[in-house]
1. Between C61 and R4, what is the label-to-label distance in nm when each label sits 7 Å out along the Cα-to-Cβ direction?
2. For segment 55-66, what does the Karplus curve 6.51 cos²θ - 1.76 cosθ + 1.60, with θ = phi - 60°, yield as ³J(HN,Hα) per residue in whole Hz, taken in order and with x for Gly and Pro?
3. Where does each of V60, V5 land when they are ranked from fewest to most other beta-carbon atoms within 10 angstrom?
4. Based on other C-beta atoms within 10 Å, arrange E32, E41, E11 from fewest to most.
5. Between R42 and A14, what length in nm is gained on full extension when 0.36 nm per residue of separation is reduced by their alpha carbon distance?
6. Could you pull out every residue, at least 5 positions away or on a different chain, whose amide H is within less than 5 Å of the one on F9? Hs are placed 1.01 Å off N in the peptide plane, and Pro or chain starts have none.
Amino acid sequence: MPSRVQQAFAEDGASLDSALKGRAARFLGELEWSARALGRERERDTEPDGETYADAVSAVCYKAGARDPTSDRQQTANSGH
């Protein structure tokens with residue numbers, strides 16, 4: 001069974017999915033926003049374990065609908081392990 005990526009592109013690399021360009025642009029825009037937001041927070045907070053950095057990661061993950069990787073670190077810190 002061909003993958004969705006194989007179904008979305010012709011042999012020459014041309015898109016076969018008319019909505020792909022819009023979805024890709026939206027994804028890349030959100031990725032760029034996330035990278036800039038994390039970059040700004042890292043500039044303001046030089047300590048990676050600081051609250052500002054964790055809050056920024058949490059906010060970006062929430063916006064993207066992704067699991068927050070800092071939640072594991074915060075739970076471990078709170079449990080004393």
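1. 2.3 nm
2. 5, 5, 4, 4, 5, 5, 5, 4, 4, 7, x, 9
3. V5, V60
4. E11, E32, E41
5. 6.2 nm
6. Answer set, sorted by chain and number: L16.
Rule-based calculations on the coordinates, nothing more; no lab input. Only a predicted model underlies this, so the values are computations on that prediction, with no experimental measurement involved. With ideal geometry, Cβ positions are generated from the backbone for all residues, glycine too; neighbour counts draw on all protein chains shown.
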